[in-house]
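Chemist: Structure in structure tokens, see below.
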Amino acid sequence: MSSVRDVLHNEGVVLLAAGEHPYSAAEIDEVIALCLKLPGDTGVGDENRLGVGRILVDPVDIARGERGYAPAEVEAPEIAGEILAIVASEKAMAFWAGCFGQETVTVRRAQTNFLHQGHEVGWHDDHEANPEYRFSIVIGLSDDYTGGDFVARPAPEDERRLRVDRGDVLVAKAELQHAVSTVESGRRISLVLFTA
């Protein structure tokens, strides 16, 4: 955990493979099955072309309000609750608290992102939605796609491309500038936890 904390502190982003994070292969499979049952909307704004399955909505979403969008809603609360029971379990939150050097970690917002061919997410940081966010946890739920790299800018002259496959978990500081490159083929699915 201290090495994850050190990489996050020094670089702002870290990619963890299966066995390096708190989710088992069976839990990932269950999360995928549940996420595929979620209704998806069209995302937020022209710069983000993706479908979003809402799992947990943060009442403080500055970016959504500034863009003139109505508050988001969880459309399938029973499914969302089952997903949260896995990804935000006591065991998982204790693991992330250790990685982040925090006493506790709270999930403020959670959603599944569905990016199809031609979809992308523009440059942003997660503080735009809520300055209280500390870290984002991106759980990869598919690997049958090309393109769709997580692109991070830890510094203006330092751009990194990371592929988040099924079972991988990417963790980034909320202030990190990042985007998702255009999906060239297939469908990129991920579950994102925004934490404080």
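Chemist: Name the residue, out of Asp158, Asp125, Asp144, whose mean-square fluctuation peaks in a Gaussian network model built on the chain with Cα pairs under 10 Å.
Modeler: Residue with maximal mean-square fluctuation among Asp158, Asp125, Asp144: Asp158.
Chemist: Let me ask you something else. Scan the chain and report its longest stretch carrying no GluC sites (Glu not before Pro) that are both in a DSSP loop and have at most 10 other Cβ atoms within 10 Å.
Modeler: 1-72
Chemist: What nm distance separates the two modelled labels at Ile62 and Asp29, each placed 7 Å from Cα along Cα→Cβ?
Modeler: A separation of 4.3 nm, rounded to one decimal place.
Chemist: Where a ≥ b ≥ c are the square roots of the eigenvalues of the C-alpha gyration tensor, would you call the chain rounded, which needs a/c under 1.5, or, failing that, prolate if a/b is larger than b/c, or oblate?
Modeler: rounded
Chemist: If you take the square roots of the eigenvalues of the alpha-carbon gyration tensor of the stretch 140-196 and sort them as a ≥ b ≥ c, do you get rounded (a/c under 1.5), prolate (a/b over b/c) or oblate?
Modeler: oblate
Chemist: Using 0.36 nm per residue of separation minus the Cα-Cα distance, give me the extension gain between Ala97 and Gln177 in nm, one decimal.
Modeler: Gain in length upon complete extension: 26.6 nm.
Chemist: Continuing with the same structure: FRET efficiency for Asp6 and Glu90, Cβ-Cβ distance as r, R0 = 22 Å, nearest 0.05?
Modeler: It comes out at approximately 0.30.
None of the figures in this text is laboratory data; all of them are computed from the coordinates on show. Please read these numbers as outputs of a predicted model, since none were measured by experiment. When we count neighbours, we look across all protein chains shown, and the Cβ atoms used for this are built from the backbone with ideal geometry, even at glycine.
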